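Data block below; observations after.
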Amino acid sequence: MQALVLETGRHAYATYPETDRTTRMGFFLVLGIALLCTGISLADTMVMATSDQVRELAVLRLAGAEALMVVVVGGLLGASVAGLNLVGMWSAPGLLSVWTPI
């Protein structure tokens with residue numbers, strides 16, 4: 001009985017030959033089909049989830065619009081109060097004939 005001793009590279013090439021172009025193309029075809037099915041399934045799930053929650057999304061939009069209105073009105077009121085306060089603080093030393101920069 002004889003034993004054949006091969007180097008690591010030759011042993012790997014002899015045991016696991018290269019895959020040919022057809023095998024690689026078949027693999028990519030199966031992978032592409034799987035990714036396409038996954039994408040369709042994900043899109044379908046998202047469409048079904050959003051179509052069932054139309055009322056909830058409308059309520060959230062309305063609540064967001066109300067919150068934005070409250071923020072804008074509060075910001076305008078706060079800016080006007082701060083402006084009046086600064087004008088008062090700037091003009092008060094003028095009554096005492098003292099000029100001060102803001």
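The values are calculated or read from the model by the stated rules, or taken from the named source; none is laboratory data. All of these numbers come straight from a predicted model, not from anything done at the bench. Please note: Cβ atoms are built from the backbone with ideal geometry, for glycine as well, and neighbour counts cover all protein chains shown.
Answer with yes or no whether Thr15 is over 23 Å from the mean Cα position of the chain (by Cα) and of a type in the set (S, T, N, Q). Answer is yes for this residue.
Would you mind stating whether Ala92 is small (Gly, Ala, Ser), modelled with pLDDT under 85 and touching a Leu at 6+ places or on another chain (Cβ under 7 Å)? I'd like the intermediate steps shown before the answer.
Working: small (Gly, Ala, Ser): yes; modelled with pLDDT under 85: yes; touching a Leu at 6+ places or on another chain (Cβ under 7 Å): no.
So Ala92 does not fit the description; no.
Condition check ((1) at pLDDT 80 or above; (2) hydroxyl-bearing (Ser, Thr, Tyr); (3) exposed (fewer than 10 other Cβ atoms within 10 Å of the Cβ)) across all residues:
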residue	(1), (2), (3)
Ala3	no, no, yes
Leu6	no, no, no
His11	no, no, no
Phe27	yes, no, no
Ile33	yes, no, no
Cys37	yes, no, no
Ala43	yes, no, no
Met48	yes, no, no
Val59	yes, no, no
